[in-house]
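Let me begin by presenting the structure, written as structure tokens, before commenting on it.
The values are calculated or read from the model by the stated rules, or taken from the named source; none is laboratory data. Keep in mind that this is a model prediction, so the values were computed, not measured. Neighbour counts run over all protein chains shown; Cβ positions are idealised from the backbone, glycine included. Side chains are part of the model used for accessible areas, which takes the heavy atoms of the whole protein and leaves out ligands, DNA and RNA. Shrake-Rupley method; radii C 1.70, N 1.55, O 1.52, S 1.80 Å.
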Amino acid sequence: MIGKDLNLAKSLLERGKLVAIPTETVYGLAANAFDEKAVSEIFRVKNRPSFDPLIVHVGRWEQVFDFVKEIPEQAQKLASLFMPGPLTLVLTKTERLPDIVTAGSPQVAVRIPNHPLTQELLHSIGFPLAAPSANPFGYISPTTAQHVADQLEDQVPYILDGGPCTVGIESTIIGFEDGAPTVYRKGGLTIESIESVIGPVAIKTYNYDHPLAPGMLQSHYAPKIPLKIGQLPELLSDFNPNRIGLLVFRRPLAGIPEKQQVVLSKNGDFAEAARNLFAGLRYLDGLDLDLILAEPVPEMGLGRAINDRLKRAAAVEG
Ligand code: TXA
Ligand code: MG
């Protein structure tokens with residue numbers, strides 16, 4: 001069921017049930033982070049491997065001290081400037097938080113979502129919410145309540161509808177390895193913004209040998225039909241124009257039916273492009289086509305996170 005009933009969402013969560021929640025990045029599939037059984041339900045419904053840790057959401061910064069210790073100065077600085085917002089900090093957890101949430105890691109990923117409805121919900125309950133993106137594992141993340149319903153309606157008792165996500169791409173994840181700030185996932189907060197505050201950061205977003213963050217897994221955020229990235233006019237010549245979908249940055253291409261094309265942002269605005277990215281992929285995935293072709297956007301600002309998602313959506317194995 002989709003709706004805006006905060007009391008219902010609250011009472012379901014208090015009873016150990018799952019609720020899909022809106023955030024500014026993507027919709028999350030939430031449960032009481034202190035309730036091991038409720039959290040195990042998230043893994044079941046998402047079909048998520050148990051080695052893939054969850055992000056814990058709180059309403060305000062002070063709440064992290066309920067389950068986190070040793071906050072590095074740089075983390076504190078980023079939190080004061082960018083939270084609430086599309087930023088996730090990886091910190092050291094205390095025993096209060098069940099190991100299932102972090103897949104056994106001593107580190108927990110923490111975020112304060114910037115969405116009025118979810119803020120109100122978080123302030124009205126007495127516990128943090130563990131929530132991954134509300135999609136079946138490996139598929140495109142949901143940016144509307146309807147996206148969640150399309151795939152998980154039968155399995156989630158309630159979907160709290162907060163409208164379309166305003167950022168549209170997941171949070172940027174940053175940890176502190178022996179004091180060195182390290183980005184594990186590019187996301188809605190740009191690396192440029194982070195570096196303007198704490199100086200240069202390392203970027204470790206993909207590692208075959210040790211997929212620390214499964215957002216790091218190569219194949220992720222993927223449509224059902226294959227996706228290929230490249231410079232479009234050249235790429236196009238190999239395919240039947242009636243059987244392909246195009247994801248373009250600014251301008252549609254001549255020779256391909258318009259309804260098979262998604263323009264991310266006519267003005268070349270990265271924020272708008274990020275907002276349209278996942279809905280655009282879902283739309284093309286829903287047409288009866290053989291393949292999606294996507295062109296990369298300029299590799300700067302939010303463009304870096306957009307290109308990262310496109311690459312993972314294009315990867316065939318992880
Ligand atoms: O914007 C977001 O972050 C959204 C909304 C719902 O908050 N959430 C989200 O969750 O994208 P999920 O589960 O789809 O992606 C979380 C990523 C995963 O790649 C996971 O591996 C990583 O965060 N992660 C979680 N805990 C971690 C930890 N302790 N250390 C390193 N990575 C962690
Ligand atoms: Mg996800």
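Taking the conditions exactly as written (open to solvent by less than 10 Å² (accessible area, probe 1.4 Å) and within 8 Å of ligand 1 (Cβ to nearest atom)), does Ser141 satisfy them or not?
The answer is yes for Ser141.
Being modelled with pLDDT of 55 or more, in a loop (DSSP other than H, G, I, E, B) and open to solvent by less than 30 Å² (accessible area, probe 1.4 Å) is the filter here, so list the residues in the stretch 211-224 that pass it.
Selection gives Leu217, His220, Tyr221, Pro223.
Filtering the stretch 171-188 down to residues that are open to solvent by 10 Å² or more (accessible area, probe 1.4 Å), within 12 Å of ligand 1 (Cβ to nearest atom) and of a type outside the set (A, V, I, L, M), which residue is nearest to Val148 (Cα to Cα)?
Let us first name the residues in the stretch 171-188 that are open to solvent by 10 Å² or more (accessible area, probe 1.4 Å), namely 173, 176-181, 184-186, 188.
Add one more test, that the residue is within 12 Å of ligand 1 (Cβ to nearest atom), and what stays is 173, 176-177, 184-186, 188.
Of the ones still in play, those that are also of a type outside the set (A, V, I, L, M) are 176-177, 184-186, 188.
Values: Phe176: 33, Glu177: 34, Tyr184: 25, Arg185: 22, Lys186: 23, Gly188: 20 Å.
In this case the residue turns out to be Gly188.
Those residues that are of a type in the set (S, T, N, Q) and within 16 Å of ligand 2 (Cβ to nearest atom), I need them from the stretch 95-108; list them, please.
If the condition is that a residue be of a type in the set (S, T, N, Q) and within 16 Å of ligand 2 (Cβ to nearest atom), then Thr102 is the only one that fits.
Here's the yes/no breakdown for (1) hydrophobic (A, V, I, L, M, F, W, C); (2) out of contact with any Lys or Arg (no Cβ under 7 Å at 6 or more places or on another chain):
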site: Leu89; (1), (2): yes, yes
site: Ile100; (1), (2): yes, yes
site: Arg111; (1), (2): no, yes
site: Glu120; (1), (2): no, yes
site: Ser124; (1), (2): no, no
site: Gly138; (1), (2): no, yes
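Suppose we filter the stretch 19-44 for residues that are within 17 Å of the chain's Cα centre (by Cα), more than 10 Å from ligand 1 (Cβ to nearest atom) and of a type outside the set (Phe, Trp, Tyr); how many remain?
Adding up the residues that qualify gives 2.
Please go through the stretch 95-114 and pick out each residue that is in contact with a helix residue (DSSP H, G or I) (Cβ under 9 Å, 6 or more places away or on another chain), within 8 Å of ligand 1 (Cβ to nearest atom) and part of a strand (DSSP E or B).
Val108, Ala109 - these are the residues of the stretch 95-114 that are in contact with a helix residue (DSSP H, G or I) (Cβ under 9 Å, 6 or more places away or on another chain), within 8 Å of ligand 1 (Cβ to nearest atom) and part of a strand (DSSP E or B).
Within the stretch 241-265, how many residues turn out to be in a loop (DSSP other than H, G, I, E, B) and in contact (Cβ under 8 Å) with a residue 12 or more places away in the chain?
Number of matching residues: 9.
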